[in-house]
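Enquirer: The structure's right below; bear with me while I get my questions together.
The values are calculated or read from the model by the stated rules, or taken from the named source; none is laboratory data. For clarity, every value in this text was computed on a predicted model and none was experimentally measured. Cβ sites come from the backbone with ideal geometry, for glycine too, and all protein chains shown count toward neighbours.
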Amino acid sequence: MELTRRDFIKTSVAASAAATVGIPVSEVAMASTKDAEAGWQWDKSVCRFCGTGCGIMVATKDGRIVATKGDPDAPVNRGLNCVKGYFNGKIVYGKDRLTTPLLRMKDGKFDKQGKFTPVTWERAFDEMEKQFKKTYKEMGPHGVAIFGSGQYTIPEGYTSAKLMKAGFRSNNIDPNARHCMASAVVAFIQSFG
């Protein structure tokens, strides 16, 4: 069964109407979805857009992500995703997605005023190491920091904290939560008071 545009619209309207009045979605609507998903392999994953860690299902076909949806068995989100979570599959193929490190270069050398130039991962890490050591030597513990993720696992967070506090004697540890969750907090206040 091929899902035509007309079938899609009819199925969507029927499913929306049924859901509005509390009627389960018909087997016919589910069958047309199953036919459209033929050959897809669904695997469990975790959304990494914020610290919640919602369960998602990722569908692949011929080695490419073709869809994502919430994992109904996940206790955190019970099959629901926020708008960021619904677009998990899109970010992998975004035309503006960086796929290689960029380093500001001028005359073949790192230069803060240079133009972004693609480099190897080895070159990028070597330059980060060099700049980190230089800054630490010049400014001490207050000159270096770590910028973490809201999706750190407990061991990752513990290790990062130990590295910065015990290894480098710095308290400069910050997560990205203030950036990715700031919009959510404002929305919650606007919605719920």
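Enquirer: Enumerate the pairs (first residue in region 146-163 and at pLDDT 85 or above; second residue anywhere and among the acidic types (D, E)) with beta-carbon separation below 6 Å, excluding pairs fewer than 6 apart on the same chain, so at least 6 apart or on different chains.
Expert: These pairs meet every condition: F147/D174.
Enquirer: Quick check: is even one residue across region 79-93 surrounded by fewer than 16 Cβ atoms within 10 Å (Cβ to Cβ), outside any helix (DSSP H, G or I) and at pLDDT 90 or above?
Expert: yes
Enquirer: Could you pull out every one of the helices (runs of 4 or more DSSP H) wholly within region 103-183 that has 1 or more residues that are aromatic (F, W, Y) and surrounded by fewer than 11 Cβ atoms within 10 Å (Cβ to Cβ)? Steps first, answer last, please.
Expert: Working: elements: 121-139, 154-162, 177-180.
Result: 121-139.
Enquirer: Scan region 33-62 for residues that are assigned to a loop (DSSP other than H, G, I, E, B) and at pLDDT below 90 and jot them down. Working first, answer last.
Expert: Kept after step one, since they are assigned to a loop (DSSP other than H, G, I, E, B), are these residues of region 33-62: 37-40, 47-54, 62.
Matches in region 33-62: E37, A38, G39, C47, R48, F49, C50, G51, T52, G53, C54.
Enquirer: Out of all the residues in region 61-69, is one or more crowded, with 16+ Cβ neighbours inside 10 Å and either under 24 Å from R123 (Cβ atoms) or among the hydroxyl-bearing types (S, T, Y) (or both)?
Expert: Looking through region 61-69, at least one residue is crowded, with 16+ Cβ neighbours inside 10 Å and either under 24 Å from R123 (Cβ atoms) or among the hydroxyl-bearing types (S, T, Y) (or both).
Per-residue answers, yes or no, for (1) farther than 23 Å from N176 by Cβ; (2) of a type in the set (F, W, Y):
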position	(1), (2)
T100	no, no
D107	yes, no
E122	yes, no
F132	no, yes
K137	yes, no
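Enquirer: Need pairs with beta-carbon distance below 8 Å; first residue assigned by TED's automatic domain parsing to the domain that holds G63 and within region 81-100, second at pLDDT below 85 and in a loop (DSSP other than H, G, I, E, B); sequence gap 6+ or separate chains.
Expert: Taking only residues 6 or more apart or on different chains, the pairs are C82/F49; K84/F49; K84/C50; G85/F49; N88/F49.
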